[in-house]
Amino acid sequence: MSTSSPQSSLLLRARDYRRMRWKNGAGWTLEILKVHGSDERDTNDWDWRLSIAEIEADAPFSAFPGVDRELVLLSGNGLRLRFDDGEAHDLLPPHDKLRFAGERGAFGELIDGPTRDFNLMWKRDAVDARLWHRPLVGTMVLFVDPGDAWAVHALAGRARFADDSALGELALGDSAVLVAGDARRRYVLDGGGELLLVRISPRVAG
């Protein structure tokens, strides 16, 4: 198994996400997926992780040394991130996003009530990650190369995998992880709505 991708494609239902405390205990998160690194017995040894933070009160963010992360506002009236270095950044509706290093001390302030925030995290020495917010109007085709993994999260609307993957329907809040195997693979999504697309690739030394 590549350290950057699961062994097979899978559909992850929103109702099955695992709810757990933040690393620092200051909030709650719904874990969508955690892809392990070289030691699968160590629950903290992961190469990348997808989750949804439920932020109900102002709170410090957990520190993740060696990790980069990207946060996307899913719902709510906004979140202000105040960093220890003095920078502040607002995530505003509908779906502002911010990429930052996990070592940076950060404090989250709710602008007007609770928020839910999509959280992509990856170990920068193991993998590279890219995230896009895209509309789905009709048909979308994704090509996945060997060693890579794509994640698709449904922000709005409904979609269906119209290919031979047998993944089926992707409802609001659901996620899918797409892998290629030994050869490049084509996935086809039909429907209407909005998606978050994540591409994970093995880190190339250089």
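Since every read-out is calculated from the coordinates, none of them should be taken as a lab result. Note that the coordinates shown come from a computational prediction; the quantities given were computed from them, not determined experimentally. Counting neighbours? That spans all protein chains shown, and the Cβs are built from the backbone with ideal geometry, glycine included.
Among V137, V72, V127, the largest mean-square fluctuation in a Gaussian network model of the chain, built with springs joining Cα atoms closer than 10 Å, belongs to V137. Shape of the chain from its Cα gyration tensor (a ≥ b ≥ c, root eigenvalues): rounded if a/c is under 1.5, otherwise prolate when a/b > b/c, or oblate? Verdict is oblate for the chain. In order along segment 173-178, phi translates into HN-Hα couplings of x, 6, 9, 10, 10, 10 Hz, rounded to whole numbers, per the Karplus curve 6.51 cos²θ - 1.76 cosθ + 1.60 with θ = phi - 60° and x for Gly and Pro. Restricting the calculation to alpha carbons of segment 17-123 gives Rg and Dmax of 13.4, 42 angstrom. The amide H of S9, built 1.01 Å from its N in the peptide plane, has V179 as neighbours under 5 Å, considering only residues 5 or more places off or on other chains. For segment 127-202, the square roots a ≥ b ≥ c of the C-alpha gyration tensor eigenvalues yield an a/c of 1.5 or more together with a/b not exceeding b/c, which makes the shape oblate.
Take every pair of alpha-carbon atoms less than 8 Å apart whose residues are at least six positions apart; their mean separation over the length of segment 17-123 yields a relative contact order of 31 percent. Working note: Karplus 6.51/-1.76/1.60 with θ = phi - 60° gives segment 66-77 the couplings x, 10, 9, 8, 9, 10, 10, 5, 8, 8, x, 8 Hz, where Gly and Pro are set to x. Shape of segment 64-143 from its Cα gyration tensor (a ≥ b ≥ c, root eigenvalues): rounded if a/c is under 1.5, otherwise prolate when a/b > b/c, or oblate? Here segment 64-143 falls in the oblate category. Label zone of H89 (point 7 Å out along Cα→Cβ, amide N under 11 Å): in segment 49-82 this covers 69-72, 81-82. Annotation: amide H-H contacts under 5 Å for G157 (H modelled 1.01 Å from N, sequence separation of 5 or more, or interchain): E194.
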